[in-house]
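The values are calculated or read from the model by the stated rules, or taken from the named source; none is laboratory data. In this text the structure is predicted, and so the values were computed from the model without any measurement. Reconstructed Cβ throughout: ideal geometry from the backbone, glycine too, with neighbour counts over all protein chains shown.
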Amino acid sequence: MQLRKAVENKMFPHLLAMFQWVFLVISLAFNLDFSVAVTGAVANGGLKVIMLFHLWILFFPFVLSLLFYRIRKEGIAERCITALSIMNVLFSVVNVFLYFTNDLALLMKATEVIAWSLFNCMFSVSMYKISTVLLLPVLKGYVKIHKETLHSHKRIWA
């Protein structure tokens, strides 16, 4: 029952986007990226290999696009992430298909860079939404307390 409440929360997709991005960056930092398939296509005399990173960039934005499509009417951040994740899925599909064609290594790398950039943009928009929802009320409370102390301080001197 509590898991259902957590998944139905409107901040869950944002937190999921943040954690999956952090997990991907940590796995790349510790070189946990391993090959999934060897396609048999060649580019510049070498075989093209599909890594876990390429499948991660394909499948997680697909899941996020479904989650954010459900809450797309909540605000501009949700609509933006929905559009970014759909574009990310499209570029990732093209990137994986280019691994099965001979040559076209430059186009393959360009689509990979675009997909990774869109992935980072999704993270940035999610962090913006999380910070506005969680930090803005704290800052408003601080400003209210600060204004009250300023007014009471002026009364003491008067």
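The number of residues in region 1-43 that are in contact (Cβ under 8 Å) with a residue 60 or more places away in the chain and of a type in the set (S, T, N, Q) comes to 1. For region 61-90, a tally of residues being of a type in the set (Lys, Arg) and not in a helix (DSSP H, G or I) returns 2.
Residues in region 108-129 that are among the aromatic types (Phe, Trp, Tyr) and within 11 Å of residue 21 (Cα to Cα): 116, 119, 123. Among the residues of region 143-158, at least one is out of contact with any strand residue (DSSP E or B) (no Cβ under 9 Å at 6 or more places or on another chain), at pLDDT below 80 and not in a helix (DSSP H, G or I).
Every listed requirement among (1) modelled with pLDDT of 90 or more; (2) hydrophobic (A, V, I, L, M, F, W, C); (3) more than 18 Å from residue 130 (Cα to Cα); (4) under 20 Å from the mean Cα position of the chain (by Cα) is met by residue 108 save one, (4). Taken together, 76, 114, 57 contain a single residue that is crowded, with 16+ Cβ neighbours inside 10 Å, of a type outside the set (Lys, Arg) and without any contact (Cβ under 8 Å) to a residue 24 or more places away in the chain, which is 114.
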